[in-house]
Amino acid sequence: MRLTMVGTGYVGLVTGVCFSNTGNHVTCLDVDPRKIETLKRGRCPIYEPGLEELLERNIAAKRLHFTLDRNEAYREAEMIFICVGTPSDERGHTDLRFVHQAADDIAAVLMALGAAQKAKTIVMKSTVPVGTTLALRDRIRSRVGPTIPFHVADNPEFLKEGDAISDFNKPDRVVVGVEDEPTAQAFRDLYDPFVRNGHPIFIMDVLSAEMVKYAANNFLATKISFINEMANLCEAYGADINRVREGMCSDKRIGNAFLYPGLGYGGSCFPKDTLACIMMGDKSGMEASLSKAVHAVNQRQRDRFFDKIVAHFGGKPTALQGKRIAFWGIAFKPKTDDIREAPALTLIRKAAGFGATCIASDPVANANAREDLGPAAAIVDDMYQALESADALVISTDWDEFKSPDFNKVKGLMKSPVIFDGRNLYRPAAMRQAGFTYYSVGRAPVKAG
Ligand SMILES: NC(=O)c1ccc[n+]([C@@H]2O[C@H](COP(=O)([O-])OP(=O)(O)OC[C@H]3O[C@@H](n4cnc5c(N)ncnc54)[C@H](O)[C@@H]3O)[C@@H](O)[C@H]2O)c1
């Protein structure tokens, strides 16, 4: 099949590369010339394990192309996947600017091709508020008139950054919202190589497909806020969240996935998708009060953690003036260079705002962090270098690299052996024995002897 991906970000690029790998002819379009130049050279502009190898292989096989030219991208395509960003605007509403631009560009090419063309299917892969795909259909129809044929569909994406290739190649399920049976069949054919493990393709109406994505992400976000709330209660009453997790999660109805306390969720999906549910609730008069609470707990979690740092240094944020604080981890989670809505950024900006000197290090997100943080933090490539003369270390991402450091070296480099662990990587008793003052989430702090 001839496919076009609109947008070569985390979703568009992975989707394009994986579809080309099963034999489709894929063109990836972007408006960013730097990205397209990099991709044409077979280099990956984002960090995603395994992606660059597949990219090179499929470029070499001449099944995968990159372009800035909308005409070239849309003219021959049988299916066009819109994979552009759908961020929240400053009011928490979904900003559909990029989706509308893509729709208008597609409409212009459909117009030029005329009424005799074979109907293309325009697929919404971006996460969009319920009703957006049908509104997009109407928007294109109003531009091209009644005679030009096309179909629309919604095909939400569930990949996780860091595991995107395996998530795409072996999805738990594929969800497709369509308006007619031939479009449904085209999706069954396209995804057939990806569901040979017996996992289902759910074909449904377009509105339900859009809602599935929000329901799934809001549920996962809810789990994170829930366990963080329990962790905070553990701290208030002297219980240990790790013991509580074990006791609670061994109940088969609960399970242990996505129930790790920490700094709260970040990234480009959960925060904006929770806000989108809140916005959809407010707009429809069906208040999404649970989503509101999930969002509030999440935002507070970062503040509570910051308050622990402040309390350690005497209780007034001004006490951070002149302190050197090291940060291990900037990405919103391990195995990605994505720093959008990362808790580390909030903590660094707050600490720097009160006069602390912040030195941060991440295994793969340093380049993005330098661009985003500017003078708020010095970014260093060596995780140990960040510790030199530090008054405290904050662990903000649970990269494997941070799980078993050389604690003697850590202590030797720091001015004072104080760790604020936002990911519960270490055991408090072992940290006390190693001579650290150690704060974590949902567990009592220990003081260096
Ligand atoms: N990142 C994830 O893990 C993930 C997972 C599932 C779903 N999603 C959803 O997928 C969508 C895309 O997310 P992402 O993280 O890949 O975004 P991204 O910001 O990484 O990439 C979007 C790309 O679209 C390009 N673009 C914007 N307007 C364009 C246009 N008119 N024509 C061509 N290209 C254009 C941008 O230059 C950018 O390269 C969002 O709706 C997101 O919620 C993301």
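Every number here is computed from the coordinates shown, using simple stated rules; none is lab data. The shown structure was predicted, so the numbers you read here are calculated from the model rather than taken from an experiment. Quick reminder, even Gly has a Cβ in these numbers, built from the backbone with ideal geometry, and neighbours come from all protein chains shown.
Brief remarks follow.
- Residue-averaged 222 nm ellipticity for the chain, from DSSP H runs of 4+ at -39500 (n - 2.57), nearest 500: -13500 deg cm²/dmol
- Considered as an equivalent ellipsoid built on the Cα gyration tensor, the stretch 238-320 has semi-axes of 27, 23, 10 Å, the largest given first.
- Full-stretch length increase - Glu53, Asp172 - with 0.36 nm per residue and alpha-carbon distance subtracted: 40.5 nm
- Principal axis box of the stretch 294-446, alpha-carbon based, largest edge first, Å: 38, 32, 30
- Rounded to the nearest 20, the size of the Cβ-charge dipole of the chain about its Cα centre is 880 debye, with Lys and Arg at +1 and Asp and Glu at -1.
- Candidates Pro343, Pro45, Pro33, ranked by Gaussian network fluctuation over the chain, Cα under 10 Å, top entry: Pro33
- Of all DSSP beta bridges confined to the stretch 2-204, the antiparallel ones make up roughly 5%.
- If you model the chain as an ellipsoid using its alpha carbon gyration tensor, with each semi-axis the square root of five times an eigenvalue, the axes come out at 44, 24, 20 Å, biggest first.
- Ser88 long-range amide H proximity, modeled H, under 5 Å: Asp95
- Fully extending the segment from Lys409 to Tyr237, taken as 0.36 nm per residue of separation minus the present Cα-Cα distance, adds 58.5 nm.
- Loop-located GluC sites (Glu not before Pro) in the stretch 41-84 whose Cβ has at most 10 other Cβ within 10 Å (DSSP): none
- DSSP beta bridge pairing in the chain, given as percent antiparallel to the nearest 5: 5
- The chain: most fluctuating residue of Tyr237, Tyr191, Tyr384 per GNM, C-alpha cutoff 10 Å: Tyr237
- Computed over the chain, relative contact order equals 11 percent, with contacts defined as Cα pairs under 8 Å that lie 6+ residues apart.
- With θ taken as phi - 60° and the Karplus curve 6.51 cos²θ - 1.76 cosθ + 1.60 applied, the whole-hertz 3J(HN,Hα) list for the stretch 289-302 is 5, 5, 4, 4, 5, 4, 5, 5, 4, 5, 5, 5, 4, 5 Hz, x standing for glycine and proline.
- Whole-number D in µm² s⁻¹ for the stretch 2-204, Kirkwood Cα-pair radius fed into Stokes-Einstein, 4 °C, 1.567 mPa s: 75
- The stretch 39-90: C-alpha gyration tensor shape, a/c 1.5 cut-off, then a/b vs b/c: oblate
- Listed by chain and number, the aspartates and glutamates whose C-alpha is less than 13 Å from the C-alpha of Lys323, apart from same-chain residues fewer than 8 away, are Glu388, Asp391.
- Cα lying deepest toward the dipole's positive end in the chain, options Val410, Leu134, Ile395, charges on Cβ: Val410
- Förster-model FRET efficiency, 22 Å R0, Arg2 and Ala60, C-beta, rounded to 0.05: 0.70
- Look at where the Cα atoms of the stretch 295-316 and of the stretch 409-449 average out, and the two centres are 17 Å apart.
- Using a cut-off of 25 Å between Cα atoms, the listed pairs Lys415/Lys447; Lys120/Lys272; Lys411/Lys447; Lys118/Lys213 include Lys120/Lys272; Lys118/Lys213 as exceeding that distance.
- Counting only alpha carbon atoms, the long axis of helix 270-284 and the longest principal axis of the chain meet at about 60°.
- Calculated from backbone phi, Karplus (6.51, -1.76, 1.60) coupling profile of the stretch 219-236 in Hz, x at Gly/Pro: 5, 5, 4, 4, 4, 5, 5, 4, 5, 5, 5, 4, 4, 5, 5, 4, 4, 5
- Candidates Ala107, Ala135, Ala352, ranked by Gaussian network fluctuation over the chain, Cα under 10 Å, top entry: Ala135
- Sorting 82-88, 305-311, 200-206 by their mean Cβ neighbour count within 10 Å, with the most densely packed peptide first, gives 82-88, 305-311, 200-206.
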